[in-house]
1. Grab the alpha carbons of the range 383-427, take their convex hull, and tell me the volume per residue in Å³.
2. Using only Cα positions of the range 355-459, each an equal point scatterer, no hydration layer, compute I(q)/I(0) via Debye at q = 0.13, 0.19, 0.23 Å⁻¹ and quote the log10 values to two decimals.
3. Would you kindly calculate the mean projected area, averaged across all directions, of the convex hull enclosing the Cα atoms of the range 278-435, in square nanometres?
4. Need the full-extension length gain, T37 to A409, defined as separation in residues times 0.36 nm minus the C-alpha distance. One decimal, nm.
5. I'd like to compare 362-368, 109-115, 243-249: which one has the highest average count of other Cβ atoms within 10 Å, and what's the full order after that?
6. With the dipole of the range 303-458 worked out from charges on the C-beta (+1 for Lys and Arg, -1 for Asp and Glu) around the Cα centre, which of W318, I373, I431 lies farthest toward the positive end?
7. Ranking F434, F126 by Cβ neighbours within 10 Å, fewest first, what do you get?
8. At what distance in nm do the modelled label points of F311 and A19 sit from each other, each positioned 7 Å from its Cα along Cα→Cβ?
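Nothing in this text is a laboratory measurement; each read-out follows from the coordinates by a stated rule. This is a predicted model, so every value here is computed, not measured. Here Cβ is always computed from backbone atoms with ideal geometry, including for glycine, and neighbour counts include all displayed protein chains.
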Amino acid sequence: MSLAITAIRGAYFTSIALAFRQAISFLTVFYIARILTPSDFGIAAMVMVVVGLAQVIGDIGFSAGLVRSQKNTSTVLSTCFWIGLGIGIFLTLTLILIAPLAAMFYGVDTVAPLLRVAAWGLLVNFCTPVPLAILQQRLGYGELALSQAFGSLAGAVVAVVLATAGLGIWSLVIQPIAGNVLALALMIIYTKWRPTWEYNYASVRDILYDGLNLLGSSISQYARNNFDTVVIGNAMDSKDLGVYSMARTILYAPMYLITSVVSRVIFPLLAKVQGEPEKVKDTILTATTRTGLLIFPLYIGLMVVANDFVFLAFGDNWLEIVPLIRIMILPAMIQSISHLASPIMVALGASGLSLRISAGGALFYFATLLCVIPYGLTAVAYGYAVTNSLVGSISIFLALRLAQIPISAFLHAMLRPLFFSIIMMAVLMAIRTFFLHGSHLRLAILIVSGALVYACLVFLFEKKAWQQVASAFKAKHSL
């Protein structure tokens, strides 16, 4: 069975679950956004950016290191688990202690009690890397997808109930805790793995070394993606942060849905064939082409329907996010491809290069953001667009060079998805001129028309993609 088909089979399970999770997440946000204010979402963002940083630190890259390792004995797995849990306990207590300082930094008293509660969710998260790695190494995409899908559903139900009951911001803080508890429980059940009392630091030294390189890259990437939240929260008010965070949420949804699927599938596949250049090249080009084929039409279509979509989904209180979305769509498209660069580098044994790129990109973004923050949210959006476009392009170039893939081959692979999307946009803009009134009808017609036009183009000119999907399904049903 070819690697392309293996990748698609893995993506089959993961994409269905992620699509389900994204749909649940969006429906939850749509509902809660009509109950809470942009300021409420801004305060929640202040809290979650701190918790998210602690989460990135706590993983220590164990998941990726364990996936690459071929010597995952009971001692190795248990040692990784206890180290992660120990760090988790330390960071949880640290967040509880510094909660008043975080409130002082943002100038919002509500941040302190929210952060103290959110911190406890880290204990659950720090137990996750080992069972997650076990499922990924086994290519157990179905079990992993189900665990995360049901976790998302549980978190959404809790959030909706709490918001409806009038608990406001607390619904946003407790949602991820509830979801992660169920997801972890299901992963443990599927892996049938339990930690033992074994501990041997020497057995995980190499994994820890690789993980620390990856940790630095993850922290840099997280800082680059979230430093704006910290700066806006400190320099502007919570409403501005809420508007900006919602724009980011909308833009990251397609990226998370599609790029996350490809990243999770491509990493273990590349780790297995890293000594076979032709298979590496084939896997990377297939992954990037399919990513562009799926994600480009979503972003370009969003550019056309942004105003109607925001008004109908969130209400007129959120229309300020429309110009921000349009400014940041191009870098989001580039990022959706460049996010594959890090797992490619790590899988090919270049975690140090991934770290240097992420750190350099983060510093560049920090400097840019500090320069533009006095000029308001629009300037911040343009700063985001410029820096992320440049850093993303550099990441793609270096990953391709590492895999010995010519730039011309990559550009050729990206050309068709981009061309199809531009044709779709032209058709949508023409159709839009006939529907100047009626947001509901106009949005429905544009979405259906765009989907039909793009699907026809792919079917007519990208037959290989359809053939691979069909082969993957046939192989799946023959097992």
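1. 73 Å³
2. -0.80, -0.95, -1.04
3. 10.8 nm²
4. On the way: separation 372, 0.36 × 372 = 133.92 nm, distance 4.72 nm.
Extending this stretch completely gives an extra 129.2 nm.
5. Working: 362-368: 17.4, 109-115: 19.3, 243-249: 23.1.
Descending packing order for the listed peptides: 243-249, 109-115, 362-368.
6. Projecting each Cα onto the dipole axis, the largest value belongs to I431.
7. Values: F434 8, F126 28.
Taking fewest neighbouring Cβ atoms as first place, the list is F434, F126.
8. Output for this residue pair reads 2.9 nm.
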